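Nothing in this text is a laboratory measurement; each read-out follows from the coordinates by a stated rule. The model shown is predicted, which means the values in this text are computed figures rather than measured ones. Neighbour counts run over all protein chains shown; Cβ positions are idealised from the backbone, glycine included.
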Amino acid sequence: MTSQRTRERLIQRLMDQGVSNEQVLDIIRNTPRHIFLDEALSHRAYEDSSLPIGFGQTLSQPYIVARMTELLVGAAAKMDKVLEIGTGSGYQTVVLAQLVKQLYSVERIKPLQDKARERIRTLGLRNVLLRHADGGFGWPEQGPFDAILSAAAPRVVPEGLKQQLAPDGVLVIPVGGEQQELQLIMRDGDTDTFVTRSIEPVKFVPLLSGTTR
């Protein structure tokens, strides 16, 4: 279930789909994805598929985690201060945390955040700050951020998130309703000009407002 061979097979699949950043691949190879799932599903941890984690949320497909992380790393001028929208199980959080100086992560569903906090602590990561809040508002008090990654899809990109980008900052976010696409949005210096690049079709849970305890 969690053997090195099973993990290598996943890494090969990611490479076959075009993921090429060695550092990202190595982090995914060495991150124990099975601990982010309930025991009943842990035998499927190293499949390249999204899996349910309760509360209508999912653990993202490894390809998508790798692709979004690779895009962020490749486009950001630096990764000192990074914001994640949607902590979820904590898997994407843990992958990102190994690449950045300080990671801020916002989650609207408290029980998911509590479990993620335990997993992050178990793995010994000390550069992650968690907040229970509506992710659509980001975390303005801690901004600006060198990069922002969203693990949930708004119908349109919240203007507030774009404004929390530092000069030359980068936002990777799925956008849309029934039809969604992954977008890479780059701030042009310290101006209010943003350059948007469409990456590929995706399917994410919607970015919802409000919080759940």
Under-5 Å amide H pairs with residue 83, H placed in peptide plane, nonlocal only: 104, 147, 148, 149
Cα-based Kirkwood hydrodynamic radius, the chain, one decimal, Å: 17.1 Å
Cubic angstrom per residue, convex hull over Cα atoms of the stretch 99-208: 109 Å³
DSSP beta bridges in the stretch 96-213: the antiparallel percent, rounded to 5, is 60 percent
For the charge dipole of the chain, defined by +1 on Lys and Arg C-beta atoms and -1 on Asp and Glu C-beta atoms about the Cα centroid, which residue among 27, 64, 151 has the Cα displaced farthest towards the positive pole? 27
For the stretch 21-137, rounded, prolate or oblate, judged on the Cα gyration tensor with a ≥ b ≥ c (square roots of eigenvalues), a/c < 1.5 rounded, else prolate if a/b > b/c? oblate
Where both residues lie in the chain, what percent of DSSP beta bridges are antiparallel, nearest 5? 45 percent
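Mind putting a number on the dipole of the stretch 64-202 about its Cα centre? Charges go on the C-beta only, +1 for Lys and Arg and -1 for Asp and Glu, and I need it in Debye to the nearest 20. Mind dumping the intermediate values first?
Details: 16 positive and 17 negative charges, 119 e Å.
My answer is approximately 580 debye.
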Taking a ≥ b ≥ c as the square roots of the eigenvalues of the Cα gyration tensor, with a/c under 1.5 meaning rounded and otherwise prolate when a/b exceeds b/c and oblate if not, the stretch 1-90 is oblate
Selection from 140, 173, 94, by position along the positive dipole direction of the stretch 64-202 (Cβ): 94
